[in-house]
Every structure is written in structure tokens, then in C-alpha cells.
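J.: One structure coming up, written as C-alpha cells, with questions to follow.
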Amino acid sequence: MYYAILSVSVVLFGVQFLFNRQYQIIRGPSVRTAMLFMFTAFSAGTLILWGINKFRFEFTPFTLIVASVAAANSLAYSFCSIKALGKVNLSIYSVFAMLGGMVIPFIAGIVFFKEELTAGKIICLVLITVALALTISGKSKKSGLGVCFGIFIFNGLGGVYAKLFTSLDYPKTSEAGYSVLMALSTVVISGLMLIFIRRPEMKKSPAADSLAAGYGVVNCIGNLLLLIALRKLPASAQFPFITGGVMIVSTVISCFTKDKPSKREFVSVAVAFAGLLVLMITEEYM
């Protein structure tokens, strides 16, 4: 059941890249673009999540603190992403992002949350790492590697904050209540940054706004499902599953766009799929 919930989340995370990519084509890469994107996306996401939570507003100090830190982390990740894409190619950027999103929560789950280290988890982690390595192509500037390290860290910490919220024994809201506070915090922080970052000026674009809103809806629902799955699934199993799953979904989506996957990408997806099968067969959280 929990892997089924997580699979829906994976599909949503795969779809969100379409919205993000098309938005960047319209708006172009800049820090203001990233902040405007986050402000628009999470304004829509906040409304959707609030509706899912039956228009209840939940609050505890612990939830607000974790949600605010997670929101700031998400904006830092977006800032690093904009900087990195001007210095490194997309495949290297994707590898750093996905490895961070997989490895850091995996290590945190084992070391800090005392999750069991099993052969299935190790095999899955290794296979997905190999699959990601197969996607690297082209050359990049060495100056971009520092920013890529930031991408690795910030994307990984996003999973750690989710685990912290679900695991620590403090008075807290529901998963939906936490998600509303995180989305709202993202809106507030990005909105404040837009006050100070006024360049470049951008014309109104209903198409770009719709793409950002679409991203916000699928991202927020996907992260809510991720939190629900964390009730049962350990982080050391869940985040390798997400990384491998997003690779597969993104490649399938690419088959229907102008950017057709290469033979190497199909091989990497096959390796990632093998890793997911090992994980699901060996773990007890079906």
C-alpha cells in the first residue's frame, strides 16, 4: 500500500519537471525568475493543500519551525539550480540533485534514525547510483562544481526535514497541516525576496503563471503523499525508491517530447528499475 502511495508521488514528481522546464523556456534563467516561480507555484500549492485539509488551519511551534526551515532550504536549492545551469550541463546537474536527494536521507535514516541497513537497500542504492552515472554526458566548467555541491546538500536536506517532522515526538499538526505551513512559508520568503530582487523586469505571461501553478499543485500533492508514506516506510528505503522512480517516469515522458532518450538513458532506466525491484522484493513495506 505504501509503495503504491509513493508511486503516485513519484509520477507527480516526474510530471513537475515538464512544468518547470517550459516555464524556464518562457521566462529564462535568473534569480528573480526562480523566486517568482516559487511564489506563484506555492501560492497555488497552498490553496490546494488547504482545500485537501478541509480548509482547516493547523499550527504548532514545532511544525512551523520545521516547515519554515524546509521552505528556506527549498528556496536555497532553487537559487543554486539557477546558478548551476549556467555553468554545468543538465545531466551533471540532474545527477548531483538526484544523488543528494537519495544519499543524504539514506545516511540520515541509518545513522540518526536507527533504521535497519539491509542488503536490499544497499543493492538498490548502488544500482541507482550506477544508473545516474550512466546519464552523465558532456563537459562542464569546474567553477560550477561548488554550486552543484550546494544542490546535492539542499536537495538531500529536503528529505531529512520531512523525516524529522514525521519522526520527532513533539506536538505537531497532520501531514496536510505541515504541508500548508511549508507552502505558505515558501510564499512569504520568496515574496519578501522579490521586493529586493527587481531585475530583470518581466512582462505578464498567463502561460508562465499557469505552468508555475501547475508545478505547485503537483509538487505539493506529491510531497504530501511522501509524508504519508513516511509513516511506515523508512527514509533509507523511500528516497532511493523516489530517485529511481523519477528517473523512470522522466524518461517515459521524454519519449513523447522532442528530447528523445538515448540508448544510454534507456540502459540507465533498466538499471534503476532493477534497483527498485530488489528494494520492493526484499523489504516488508508492500
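J.: Listed residues PHE106, PHE149; which is of a type outside the set (D, E, K, R), crowded, with 20+ Cβ neighbours inside 10 Å and closer than 23 Å to VAL69 by Cα?
T.: PHE106
J.: How many residues are outside any helix (DSSP H, G or I) and surrounded by 15 or more Cβ atoms within 10 Å (Cβ to Cβ) when one looks only at segment 186-209?
T.: From segment 186-209, those outside any helix (DSSP H, G or I) are 197-205; that's our starting set.
Right, trim to surrounded by 15 or more Cβ atoms within 10 Å (Cβ to Cβ) and you get 197.
Number satisfying all stated conditions: 1.
J.: Next up: If we keep just the residues of segment 28-44 that are of a type in the set (Phe, Trp, Tyr) and at pLDDT 95 or above, which is farthest from GLU201 (Cα to Cα)?
T.: PHE42
J.: Got a number for residues in segment 25-49 being surrounded by 19 or more Cβ atoms within 10 Å (Cβ to Cβ) and of a type outside the set (D, E, K, R)?
T.: Looking only at that region, the number is 16.
One line per residue, one yes/no per condition, for (1) closer than 30 Å to VAL31 by Cβ; (2) touching a Ser or Thr at 6+ places or on another chain (Cβ under 8 Å):
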| site | (1), (2) |
| --- | --- |
| VAL111 | no, no |
| CYS124 | no, no |
| THR129 | no, no |
| PHE149 | yes, no |
| VAL160 | yes, no |
| PHE165 | yes, yes |
| ASP169 | no, no |
| LEU192 | yes, no |
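J.: Here's something else I'd like to know. Just one of LEU227, LEU168 is in contact (Cβ under 8 Å) with a residue 60 or more places away in the chain and either in contact with a strand residue (DSSP E or B) (Cβ under 6 Å, 6 or more places away or on another chain) or surrounded by 15 or more Cβ atoms within 10 Å (Cβ to Cβ) (or both); which is it? Give the steps one after another, and end with the answer.
T.: Values: LEU168 fails: either in contact with a strand residue (DSSP E or B) (Cβ under 6 Å, 6 or more places away or on another chain) or surrounded by 15 or more Cβ atoms within 10 Å (Cβ to Cβ) (or both).
Only one candidate passes the filter, namely LEU227.
J.: Separate question: Looking for something in a loop (DSSP other than H, G, I, E, B), farther than 19 Å from VAL249 by Cβ, in contact (Cβ under 8 Å) with a residue 60 or more places away in the chain and open to solvent by 60 Å² or more (accessible area, probe 1.4 Å) - is there at least one such residue anywhere in segment 68-85? Steps first, answer last, please.
T.: Of segment 68-85, the ones in a loop (DSSP other than H, G, I, E, B) are none.
Taking every residue of segment 68-85 in turn, none turns out to be in a loop (DSSP other than H, G, I, E, B), farther than 19 Å from VAL249 by Cβ, in contact (Cβ under 8 Å) with a residue 60 or more places away in the chain and open to solvent by 60 Å² or more (accessible area, probe 1.4 Å).
J.: Just checking, which of PHE62, PHE17, PHE42, PHE113 is among the aromatic types (Phe, Trp, Tyr) and either assigned to a loop (DSSP other than H, G, I, E, B) or in contact with a strand residue (DSSP E or B) (Cβ under 9 Å, 6 or more places away or on another chain) (or both)?
T.: Exactly one residue qualifies, and that residue is PHE113.
J.: Further question on the same structure: Looking at (1) open to solvent by 30 Å² or more (accessible area, probe 1.4 Å); (2) within 30 Å of ARG32 (Cα to Cα); (3) part of a helix (DSSP H, G or I), which one does LYS258 not meet, given that it meets all the others?
T.: Evaluating LYS258 over (1) open to solvent by 30 Å² or more (accessible area, probe 1.4 Å); (2) within 30 Å of ARG32 (Cα to Cα); (3) part of a helix (DSSP H, G or I) leaves (3) as the failure.
J.: Now a separate question. Between ALA212, ALA183, which is under 13 Å from MET35 (Cα atoms), under 17 Å from the mean Cα position of the chain (by Cα) and in a helix (DSSP H, G or I)? Step through it out loud before you land on a result.
T.: Working: ALA183 fails: under 13 Å from MET35 (Cα atoms).
Only one candidate qualifies: ALA212.
J.: Applying the selection to segment 50-67, what residues are in contact (Cβ under 8 Å) with a residue 40 or more places away in the chain, surrounded by fewer than 20 Cβ atoms within 10 Å (Cβ to Cβ) and among the hydrophobic types (A, V, I, L, M, F, W, C)?
T.: TRP50, ILE52, PHE57, PHE59, PHE62, LEU64
J.: Restricting to segment 45-78, count the residues that are under 14 Å from the mean Cα position of the chain (by Cα) and either modelled with pLDDT under 95 or not aliphatic (A, V, I, L, M) (or both).
T.: Of the residues in segment 45-78, 6 are under 14 Å from the mean Cα position of the chain (by Cα) and either modelled with pLDDT under 95 or not aliphatic (A, V, I, L, M) (or both).
J.: Here is a follow-up. Given the conditions (1) at pLDDT 90 or above; (2) over 26 Å from LEU134 (Cβ atoms), which single one is not true for LEU226?
T.: The failed condition is (2).
J.: Continuing with the same structure: Give the number of residues within segment 86-103 that are open to solvent by less than 30 Å² (accessible area, probe 1.4 Å), part of a helix (DSSP H, G or I) and either in contact with a strand residue (DSSP E or B) (Cβ under 7 Å, 6 or more places away or on another chain) or at pLDDT below 90 (or both).
T.: Selection size over segment 86-103: 4.
The values are calculated or read from the model by the stated rules, or taken from the named source; none is laboratory data. Just so it is clear, the model here is predicted, and its values are computed rather than measured. Positions of Cβ are generated from backbone atoms using ideal geometry, with glycine treated the same way; all protein chains shown enter the neighbour counts. Accessible surface areas use protein heavy atoms only, side chains included; no ligands, DNA or RNA. Shrake-Rupley method; radii C 1.70, N 1.55, O 1.52, S 1.80 Å.
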